[in-house]
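The values are calculated or read from the model by the stated rules, or taken from the named source; none is laboratory data. Here the structure is a predicted model, which is why all the values come from computation and not from measurement. As a convention, Cβ positions derive from the backbone with ideal geometry for all residues, glycine included, and neighbour counts pool all protein chains shown.
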Amino acid sequence: MVASIKPHRDELGLGDGRMLIDGQWTEGAGGTWSHRHPATGEQVASFPVAGPADVDSAVRAARRAFDEGPWPRARASERIKALRKVADLVREHADELLRLQALDNSVPLSFGEIYVMSANFVADVFDHHAGWVDKIAGETLPPYQGGDHMVLTLREPVGVVGAVIPWNAPLSLFAQKVAPALAAGCTVVLKPSEYATFAVLRLAELIAGVVPDGVLNVITGPGDPAGQALISHPMVDKLSFTGSRAVGQKVMTAAAAGCKRVSLELGGKSPAVVFQDADVGTAAAVTMGTVTLGLSGQVCAAQTRALVQRDAVEEFLATAEMIGTMVSYGNPFDPEVTSAPLINTRQLDRVLGLIVRGQEEGARLVCGGSRAEGDLAAGNFVAPTLFADVSNDMSIAREEIFGPVLSVIPFDEENEAIALANDTDYGLAATVWTQDVKRAMRLTRAIKAGTVGVNGYQLEPNSPFGGYRQSGMGREGGRAAVEAYTELKTVLLPFTDEMM
Ligand code: NAD
């Protein structure tokens, strides 16, 4: 049996979560959501569900703070100071935040050492965006047809942002939306996932002590009704969503109805392309590791299709299988535990169903393939699963599984590898493993994905991240992220009286 998670909750002194609206902590009118911990199935805590009136209050608070409040009008130095203060607070409260995240989604504390899941990453995202505040600038353009006038452009904050995030990396994804929005001078209403609320509420509490009331509001509860009410609210100017393709489509529909600006970070079915001249052992260890360690493959950028040159397949499979045996499941607060359970029983059933489908469609199961039993039976654990002899038209090669399942697809020639890499609806990420620099460059140009790593994949707060095709639109991180929270205004400025 995995030990009860409850003592950790008490140790943290976390009361039942409440929503942040206009600087006040309020109860919701939509009832209560009880959170079941994915490692034990026990109810660890509850929080309110926002009803339509709560969502309306939160959006109106953000609207007032944008239309009348000091935040969008603040000097750059004030916003920089505020965002840097948030970064400092995150570093100060790193341990507490990561423990709350483990209470949410069971990401093991040991995985908090990995940069993109660390509190340092979250803090660095705020620091990075603090650096943009005084660089959000327009241009001076020459008159096209001559004449005594100038054309100026200004970048203004887009307004009230409705942000919705998933459960898998709540702290990092919160930061990737809230930091650029605040840097640009926007105000925000954010809805975390109903499966990962506690760490977000605490981070919001830290930020609420730094920014004026109404600048950041957090409403809680499931996608429908809380999220749906937010994305359809007429006073929201911009929607920023991270989550599944299916919900992303709903967000786009809501954006279309209100002609709202929209950014989408969606799912993926990303390839790791491994040539036989690469360090195949490292490629296999990293690829299987990112699919089974930490979030157990519940990662948007996970490279779950290993395209491996035929002569390297056996070596790749042997190392990947060995990595699978190194996974350790259990209580996320145990430093020996390496990997998380699946977030809920719906996801557990889906992953197990796809594993069965993989076998039915002719893939060879090398290891794993079933739910973990014994002491782990109460949690949503699936054994690290490796498939060989996969063809790219099988369900396990086409659908985003979001679990610890790696499919190995052999290829012979470079062009075949490129065609396979691009034979997907998605386009979020890829890694190319080779010692040949020219080949690496050819592949990085040819693969249709938002981020392509060469012999490794490490995201940074300043690297633009986002998808091609059905993996979304827009980028987080870097200039593009901040500009996505701005409007571009053109000012036509005459020099002479005759032109007035
Ligand atoms: P999900 O789409 O089910 O939920 C995401 C969020 O949307 C949650 O807060 C949920 O409550 C909300 N939601 C659900 N229905 C809604 C509705 N009708 N209106 C408004 N909001 C609604 O995704 P998930 O299961 O939480 O997360 C997994 C998915 O997220 C995967 O597809 C993964 O690839 C994707 N993801 C993408 C990135 C990225 O940066 N590209 C990062 C992490 C996760």
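Residues considered: 195, 144. Of these, the only one that is of a type outside the set (Gly, Ala, Ser) and within 14 Å of the ligand (Cβ to nearest atom) is 195.
Can you confirm whether residue 188 is part of a strand (DSSP E or B), buried (at least 24 other Cβ atoms within 10 Å of the Cβ) and in contact with a Gly (Cβ under 9 Å, 6 or more places away or on another chain)? Break it down into steps so the answer makes sense when it comes.
On the way: part of a strand (DSSP E or B): yes; buried (at least 24 other Cβ atoms within 10 Å of the Cβ): yes; in contact with a Gly (Cβ under 9 Å, 6 or more places away or on another chain): yes.
Yes, satisfied.
When residue 203 is tested against (1) under 23 Å from residue 30 (Cβ atoms); (2) within 10 Å of the ligand (Cβ to nearest atom), exactly one condition is not met: (2). Checking segment 148-171 against the condition returns a match, with at least one residue being part of a helix (DSSP H, G or I) and in contact with a helix residue (DSSP H, G or I) (Cβ under 6 Å, 6 or more places away or on another chain). Of the residues 246, 183, 208, the single one that is near the ligand (Cβ under 10 Å from one of its atoms), among the small types (Gly, Ala, Ser) and at pLDDT 95 or above is 246. For segment 343-376, which positions are in contact with a strand residue (DSSP E or B) (Cβ under 6 Å, 6 or more places away or on another chain) and assigned to a loop (DSSP other than H, G, I, E, B)? Scanning segment 343-376 gives 363, 368, 369.
Within segment 227-243, being within 7 Å of the ligand (Cβ to nearest atom) and farther than 24 Å from residue 424 by Cα holds for 227, 228, 230, 231.
Comparison of 488, 428, 420, 492 shows that the only residue that is within 30 Å of residue 370 (Cα to Cα), in contact with a strand residue (DSSP E or B) (Cβ under 9 Å, 6 or more places away or on another chain), among the hydrophobic types (A, V, I, L, M, F, W, C) and away from the ligand (no atom under 16 Å from the Cβ) is 420. Going by the conditions given, is residue 158 touching a strand residue (DSSP E or B) at 6+ places or on another chain (Cβ under 8 Å), of a type in the set (Val, Ile, Thr) and within 12 Å of the ligand (Cβ to nearest atom)? So residue 158 does not fit the description; no. Given the residues 313, 308, which is the only one that is away from the ligand (no atom under 16 Å from the Cβ), of a type in the set (A, V, I, L, M, F, W, C) and over 24 Å from residue 450 (Cβ atoms)? Going through 313, 308 in turn, just one is away from the ligand (no atom under 16 Å from the Cβ), of a type in the set (A, V, I, L, M, F, W, C) and over 24 Å from residue 450 (Cβ atoms): 313. Entry remark, segment 263-276: residues being in contact with a Phe, Trp or Tyr (Cβ under 9 Å, 6 or more places away or on another chain) and either assigned to a helix (DSSP H, G or I) or surrounded by fewer than 23 Cβ atoms within 10 Å (Cβ to Cβ) (or both) number 0 in total.
As for segment 206-217, it holds at least one residue that is in a loop (DSSP other than H, G, I, E, B), in contact with a strand residue (DSSP E or B) (Cβ under 8 Å, 6 or more places away or on another chain) and crowded, with 24+ Cβ neighbours inside 10 Å.
Among the residues of segment 293-313, is any surrounded by fewer than 22 Cβ atoms within 10 Å (Cβ to Cβ) and acidic (Asp, Glu)? Yes, the conditions are met somewhere in segment 293-313. Being more than 16 Å from the ligand (Cβ to nearest atom), surrounded by fewer than 19 Cβ atoms within 10 Å (Cβ to Cβ) and more than 23 Å from residue 98 (Cβ to Cβ) holds for only one residue in 358, 362, and it is 362. Per the conditions (1) surrounded by 20 or more Cβ atoms within 10 Å (Cβ to Cβ); (2) within 16 Å of the ligand (Cβ to nearest atom); (3) closer than 17 Å to residue 303 by Cβ, the sole criterion not satisfied by residue 340 is (3).
I'd like to know if segment 383-393 contains one or more residues that are under 30 Å from residue 43 (Cβ atoms) and not aliphatic (A, V, I, L, M). Yes - at least one qualifying residue is present in segment 383-393. A single member of 306, 301 is among the hydrophobic types (A, V, I, L, M, F, W, C) and in contact with a helix residue (DSSP H, G or I) (Cβ under 6 Å, 6 or more places away or on another chain), and it is 306. Total residues in segment 127-154 satisfying the condition of being over 27 Å from the mean Cα position of the chain (by Cα) and of a type in the set (D, E, K, R): the figure is 2. The helices (runs of 4 or more DSSP H) located wholly in segment 27-142 that include 3 or more residues which are of a type outside the set (Ser, Thr, Tyr) and closer than 18 Å to residue 177 by Cα occupy 52-67, 76-92, 119-130. Are any of the residues in segment 488-500 of a type outside the set (Ser, Thr, Tyr) and surrounded by 15 or more Cβ atoms within 10 Å (Cβ to Cβ)? Checked against the condition, which is being of a type outside the set (Ser, Thr, Tyr) and surrounded by 15 or more Cβ atoms within 10 Å (Cβ to Cβ), segment 488-500 yields no hits at all.
Looking at the structure I just gave you, is residue 254 outside any loop (DSSP other than H, G, I, E, B), free of Cβ contacts under 8 Å to residues at least 40 places away in the same chain and near the ligand (Cβ under 9 Å from one of its atoms)? So residue 254 fits the description; yes. Does any residue of segment 462-474 turn out to be within 30 Å of residue 139 (Cα to Cα), crowded, with 20+ Cβ neighbours inside 10 Å and without any contact (Cβ under 8 Å) to a residue 40 or more places away in the chain? For segment 462-474, residues within 30 Å of residue 139 (Cα to Cα), crowded, with 20+ Cβ neighbours inside 10 Å and without any contact (Cβ under 8 Å) to a residue 40 or more places away in the chain: absent.
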